[in-house]
Amino acid sequence: MTRLPSWPKATIRQQLTVIILVALAMILVVGNRMESWVKDVYAISDLEDLADRLDTIARVLATASPDDRQIIMGHARAAGWDITLAPMSTTNAFTHSSSEQNSLIALTDWLFPPDNDPPLGGWQTFLNDRRVVAAKVDDATIVMTLSLPEPIVTSDFLGRGPHFLLAFVVLAGLFSVFAVRAITAPIQKIVEAAKRTDIHTGAVVFEEKGTVEIVTLARALNGMRRRIKLMMDARTRMLRGIGHDLRTPLTRMKMKVERMPDCSEKEALIADIDRIDGMLTETLTYLRNDYATEPLELVNVASVLQTICSEFSDLGHAVRYDGPNKLNAECRPVSLTRAVTNLCDNAVKVARTVVVRLSEAPDALVIAVDDDGPGIPQDYRERVLEPFFKVDGARQGSREGLGLGLSIVADIARLHDGRLDLLPRQPHGLSARISLPRTSPSSGQENPAAR
C-alpha cells in the first residue's frame, strides 16, 4: 500500500498569510451578502438619501409661487413626508450636539462620515434636542424635517459596516484558533514537559511536532538536554574515577599503618584514613544518584516510616513514630527511605529524642522529623541544603561527613515535586519537613491515598 505524500511543515508566517487570505476571501464573498441582507431585512433609513430627497423638494419649492408651495407641501405630507417650511432665522437655533442623542448613532456617524455635500447646518444638526435635516429654499425660507426615523445611519455605514464587522469577527476567530493550536498549545506542552523532565534519562521529552518554529524549539531543547546529560555523566565518571583511584593508595596506607607498632600516632593515622575513606564513600554514593531513576510505586508510607523508626530504636536511639498506621501514596520508596533515614541520622547525633510524624494536608503529604537538639541558625537554613556545605557552629556534634545528607534529602523532595523545609522548634530543636504533593510528578494524576 503506497503512502500519500505528506504536506511540508508550514512556518508561522506562512500560516498567518493563509489565514489573512482566507479571511479576505470570506469578507469579499460574505460581506456583500450581509450588506444586501441588512438593507432588505431591517430597512434602515439612509441619512444621505433623506438629505438628497429634501434637497430635491427644496429646489422644487424654490421655483414655485407661494400658493404652489402650499400645494407641494400638502402632496409631500400626503406621501408621508413630515416636512415644514420655516424662516431662515430658525437656523440660528441649530446646535451640533444633543443631550438626548443616541451614543451608538453618534459613534457610527463618527466612524462612517458621509461623502456627499452636507445639508444646511451639517450632518449633526439639532433643534430643541431633536435631530433635524434642513435645506435652503431661498434667502428667507428653509424646508426641514424633525421626524427622523430611528435608527438613521449613513450609506457608508450600510455599505462598509457589515464588511468591517465581518472582518473583525473572522480575523478574531481565525487568529484565536491559530494562536491556540499553533502557538499556545505547543508552548504549553513544552512548559509541562519541562516541569516533569528528568535530566538523568535519555528519552526525548519535548515533542517535535507542530509548526517549523515549534519543532525547531523542541529539537533545540532536546539537544540542550542531551548535552547537559553528557556533561553531567562525564563529570560523574571523572569524580568516580578519582574516588576509586584514591581508594587504592588509601588501602596500601592503611595496611602499612596497621603493621606499625601500637602507639597513639598509629590510632590517629588509622582514624584519619577511615575518615577519608568514609568521605569518599559518601561522595560516590551522592554521585551515584540512583534515586533519580527509581520508578513511582504505590506504597504504604506509614509502614515505611515505622520501619525506619524501628531500625533506629534497635540501635539504641530514642526515635519514635507519630501518625496513622496506614497511608498509601505514590512515591519512590527507596529514595524516600534514604531521605528520612538521612534526617534521622542527622537528628540522633545532636538530640536526645526524635519524633517522625506523618500527616495529611489537602494537597500534600507531610513527613516531619522533629528533634530537641540545638537547631540550625536562621542564616544557615538555606545554605545547609547546598552540597558540601557545613556549619561548625550549628548542630554541634555533627561534624563528620561532607555535608551531603540534607542536599540529598532536598534533591529527593524535588524529585517528587515537593520541598524540604527546615523550621525551628520551641524552646529549641529543628523540624525537618518533607512535603510531597498528591499529584504524581510523572503522570499528573492524583495519587490514590487512603488511611
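Where a number appears in this text, it was derived from the coordinates with a stated rule and is not lab data. Note that the structure is a prediction, hence the values are computed from the model and not measured. Cβ placement follows ideal geometry from the backbone for every residue including glycine, while neighbour counts extend to all protein chains displayed.
Structure notes:
- For segment 293-437, relative contact order (Cα pairs under 8 Å, six or more residues apart, normalised by length) works out to 22 percent.
- T90, T184 arranged by Cβ crowding within 10 Å, fewest neighbours leading: T184, T90
- The Cα atoms of segment 234-374 give a gyration tensor whose axes a ≥ b ≥ c have a/c of 1.5 or more with a/b no greater than b/c, which makes the shape oblate.
- Listed residue (I242, P333, T283) projecting farthest to the positive dipole end of segment 237-335, Cβ model: I242
- Per-residue Cβ neighbour rank within 10 angstrom, fewest leading, C344, C263, C331, C309: C263, C309, C344, C331
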